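Visitor: Quick one: this structure, given as C-alpha cells, is what I'll be asking you about.
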Amino acid sequence: MAFLCASCGQHYANDSGRWCCECGGLLEPAERTVFQTAVIERGEFSLWRYRKLLPLPEGAEPVSLGEGWTPIVSLELAGRPLQLKLEFLAPSGSFKDRGTSVLVSALRALGVGQVVEDSSGNAAASLAAYAARAGIEAQICVPAYTSPAKLRQIEVYGARTIRVPGPREQAGERARQLAGETKAYYASHVYSPWALAGLKTFVYELWEQLGEKLPEWLIYPVGQGTFLYGSYLGLCELKEAGLIRRLPRLVAVQAERCAPLWAAFAEHSPTQIVEQERQSTGPTIAEGIAMRSPVRLEQVVRALRRTGGQVVTVSEEEIYRAQQELAHQGLYVEPTSAAALAGWQRLRESLPADEPVLLPLTGSGLKSAKQISSGE
C-alpha cells in the first residue's frame, strides 16, 4: 500500500520512511482499506486482531503491549443513557497507544534506531514506552508547561526529554529541527499515516463490541484532531463495506480558551471570534487539546461536515465539573478527557433522546496534576 499527499497528490511507498510530502503536505493511505470481517483474527484481543487491515511494510511484526479492545461501560446521567469507551486503560494510559503501536512496528521493520517526537504529554509517553519495547532510542520535545506526572512517565521509559518554552507549536518546531540535526526519524503522531491507521481500530472495535452496529453520536475532545479524523476514516471503510447504513455524527469538543476548530468550522463572524478570544484568558487545564494551529484542521472540518457533526466549546469550570462527575462514577480521567463529557452536557438537551451517544475517555487522571477549584 502506498501513501498519498493530501495537498499535491504525490505518492510514496509505505516503506519510504517519509513522515510528510516533499511539499510539506500530510500523507494518508493512497487507497481506502477494504474492510473484511473474514481477516479479523478473532482470537487476538488487542488492536492486532486487525493486523491484515493495517498498511505495514512487508515483514513487519507487531510491537505490542496489549493495546486496544478497551471496555465499554454504560451510565445514566441526568436521566439520559451514555456509553463510554475506556481508552485510558491503554498500556501507557491514553488512546495514543493505538497509533504508536502501529507506527513503531513500521519503524522497527524499516530499521529505524532513533526517533524524535513532540507532544504535550500523552503521545510522548506512548512513544517512549513503545520505543523502549522496540529497542529504539527516543528524544521527546515537550512544552515547558507539561504536567510533572507526564514528564516522569516519559523519562522512566528511558527517553530523553527536552523542555521547550512557549506555546505547544514551539515544541514541534524544535523536534523537527532536532530530527534534521541528528538524522533521527520524526515520529510524529500528528503527521504519521501509520498512527492514523492505528487510530482507525477504535471504530472497528466499537462496531464489533456493540453487536455490529454503531451509536448515532461520537463525541471527542479535539486538539490536533487525529483521533477524530482517524475514526472518520475507519467509519468510511465500514460504510463502504456495507456494514453500517450511515456514518455516526462526529462532535469535536474544545476548551473555550483554545478553540481554533470552533472558529474554522462554524465560520463565525469576526465579532464572535473576538468575543471568544476575549474569554480566552490564561491556559486551559485541558492541556492535551491546547493546539492553536492544528495540523489536520482542514481534514477534521471536512470530516465533521460530511457526518453532519459540530464543534462545541466548554469552559474551565465545565471541564472541572465533568471530571468530578466521572470520578464519582469511579472513572478517574484527566481534564482533557473530561472535556468530552462537558461537551455532551452542553449538547444533551438538543440531542434526540432515542439516539445513542458514546464518548471515548482518552487519558488517565493519574497523568495530570492540573485541576481548578470549583467556582474559579
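The values are calculated or read from the model by the stated rules, or taken from the named source; none is laboratory data. Keep in mind it's a predicted model, so treat the numbers as computed, not measured. Note that we place each Cβ from the backbone using ideal geometry, even for glycine, and neighbour counts take in every protein chain shown.
Visitor: Looking at Ile140, is it under 25 Å from Tyr220 (Cβ atoms), outside any helix (DSSP H, G or I) and of a type in the set (Val, Ile, Thr)?
Guide: Details: under 25 Å from Tyr220 (Cβ atoms): yes; outside any helix (DSSP H, G or I): yes; of a type in the set (Val, Ile, Thr): yes.
Yes, satisfied.
Visitor: What is the one condition in (1) out of contact with any helix residue (DSSP H, G or I) (no Cβ under 8 Å at 6 or more places or on another chain); (2) under 16 Å from Leu56 (Cα atoms) that Leu27 does not satisfy?
Guide: (1)
Visitor: So, one more: Before we move on, is Thr336 in a strand (DSSP E or B) and of a type in the set (S, T, N, Q)? Reasoning before the result, please.
Guide: Details: in a strand (DSSP E or B): no; of a type in the set (S, T, N, Q): yes.
Considered against the rule, which asks whether it is in a strand (DSSP E or B) and of a type in the set (S, T, N, Q), Thr336 comes out as no.
Visitor: Okay, next question. All but one of (1) touching a strand residue (DSSP E or B) at 6+ places or on another chain (Cβ under 8 Å); (2) outside the structural domain of Ala342 (by TED's automatic domain parsing) hold for Pro221; state the number of the condition that does not hold.
Guide: Here Pro221 meets the rest and fails (2).
Visitor: I've got another one for you. Of the residues that make up region 292-311, is at least one surrounded by fewer than 23 Cβ atoms within 10 Å (Cβ to Cβ), β-branched (Val, Ile, Thr) and under 15 Å from Ala340 (Cβ atoms)?
Guide: yes
Visitor: Could we say that Val253 is touching a residue at least 24 places away in the same chain (Cβ under 8 Å), under 13 Å from the mean Cα position of the chain (by Cα) and in a helix (DSSP H, G or I) here?
Guide: On the way: touching a residue at least 24 places away in the same chain (Cβ under 8 Å): yes; under 13 Å from the mean Cα position of the chain (by Cα): yes; in a helix (DSSP H, G or I): no.
It is false that Val253 is touching a residue at least 24 places away in the same chain (Cβ under 8 Å), under 13 Å from the mean Cα position of the chain (by Cα) and in a helix (DSSP H, G or I).
Visitor: Of the conditions (1) of a type outside the set (D, E, K, R); (2) under 30 Å from Val34 (Cβ atoms); (3) touching a helix residue (DSSP H, G or I) at 6+ places or on another chain (Cβ under 8 Å); (4) in a helix (DSSP H, G or I), Leu206 satisfies every one except a single condition; which number is it?
Guide: (3)
Visitor: Something else: Are any residues in region 16-32 surrounded by 14 or more Cβ atoms within 10 Å (Cβ to Cβ) and not basic (Lys, Arg), and if so, which ones? Spell out how you get there, then give the answer.
Guide: Of all residues in region 16-32, those surrounded by 14 or more Cβ atoms within 10 Å (Cβ to Cβ) come to 17-21, 25-30.
Selection gives Gly17, Trp19, Cys20, Cys21, Gly25, Leu26, Leu27, Glu28, Pro29, Ala30.
Visitor: Are any of the residues in region 289-306 more than 13 Å from Gly223 (Cβ to Cβ) and outside any helix (DSSP H, G or I)?
Guide: Going residue by residue through region 289-306, those that are more than 13 Å from Gly223 (Cβ to Cβ) are 298-299, 301-306.
So of that shortlist, the ones also outside any helix (DSSP H, G or I) come out as none.
Within region 289-306, none of the residues are more than 13 Å from Gly223 (Cβ to Cβ) and outside any helix (DSSP H, G or I).
Visitor: Being surrounded by fewer than 23 Cβ atoms within 10 Å (Cβ to Cβ) and at positive phi is the filter; apply it to region 183-235 and report the residue that is modelled with the lowest pLDDT.
Guide: Lys183
Visitor: Another question, then. Can you tell me which residue is farthest from Glu87 (Cα to Cα) among those in region 218-250 that are part of a loop (DSSP other than H, G, I, E, B) and β-branched (Val, Ile, Thr)? It would help to see each step written out before you state the result.
Guide: In the first step, residues of region 218-250 are kept if they are part of a loop (DSSP other than H, G, I, E, B); the result is 222-225, 241-248.
Now narrow it down to the ones that are β-branched (Val, Ile, Thr): 222, 244.
Details: Val222: 15, Ile244: 23 Å.
The extreme case among them is Ile244.
Visitor: With the checklist (1) surrounded by 21 or more Cβ atoms within 10 Å (Cβ to Cβ); (2) among the charged types (D, E, K, R); (3) touching a Lys or Arg at 6+ places or on another chain (Cβ under 7 Å) in hand, flag the one item Lys85 doesn't pass.
Guide: (3)
Visitor: Look at Ala129 and say whether it is of a type in the set (A, V, I, L, M), at negative phi and touching an Asp or Glu at 6+ places or on another chain (Cβ under 7 Å).
Guide: Working: of a type in the set (A, V, I, L, M): yes; at negative phi: yes; touching an Asp or Glu at 6+ places or on another chain (Cβ under 7 Å): no.
Taking the combined requirement at face value, the residue does not satisfy it.
Visitor: While we're here: So in region 119-162, with the set limited to residues that are among the basic types (Lys, Arg) and in contact (Cβ under 8 Å) with a residue 24 or more places away in the chain, which one is farthest from Pro335 (Cα to Cα)? It would help to see each step written out before you state the result.
Guide: Taking region 119-162 and keeping what is among the basic types (Lys, Arg), we get 133, 150, 152, 160.
Among the residues that remain, those that are also in contact (Cβ under 8 Å) with a residue 24 or more places away in the chain are: 133, 150.
On the way: Arg133: 28, Lys150: 13 Å.
If we take residues in region 119-162 being among the basic types (Lys, Arg) and in contact (Cβ under 8 Å) with a residue 24 or more places away in the chain, then Arg133 is farthest from Pro335 (Cα to Cα).
Visitor: Another question about this same structure. Might you check whether a residue that is assigned to a loop (DSSP other than H, G, I, E, B) and touching a strand residue (DSSP E or B) at 6+ places or on another chain (Cβ under 6 Å) occurs anywhere in region 74-88?
Guide: Step one: list which residues in region 74-88 are assigned to a loop (DSSP other than H, G, I, E, B), which gives 78-79, 86.
Those still in the list that are touching a strand residue (DSSP E or B) at 6+ places or on another chain (Cβ under 6 Å) too: none.
No - not one qualifying residue is present in region 74-88.
Visitor: Now a separate question. Do the conditions hold for Ser46, that is, is it out of contact with any Lys or Arg (no Cβ under 6 Å at 6 or more places or on another chain), within 24 Å of Glu237 (Cβ to Cβ), buried (at least 18 other Cβ atoms within 10 Å of the Cβ) and among the small types (Gly, Ala, Ser)? Don't jump to the end; show me each part of the working.
Guide: Numbers: out of contact with any Lys or Arg (no Cβ under 6 Å at 6 or more places or on another chain): yes; within 24 Å of Glu237 (Cβ to Cβ): yes; buried (at least 18 other Cβ atoms within 10 Å of the Cβ): yes; among the small types (Gly, Ala, Ser): yes.
Answer is yes for this residue.
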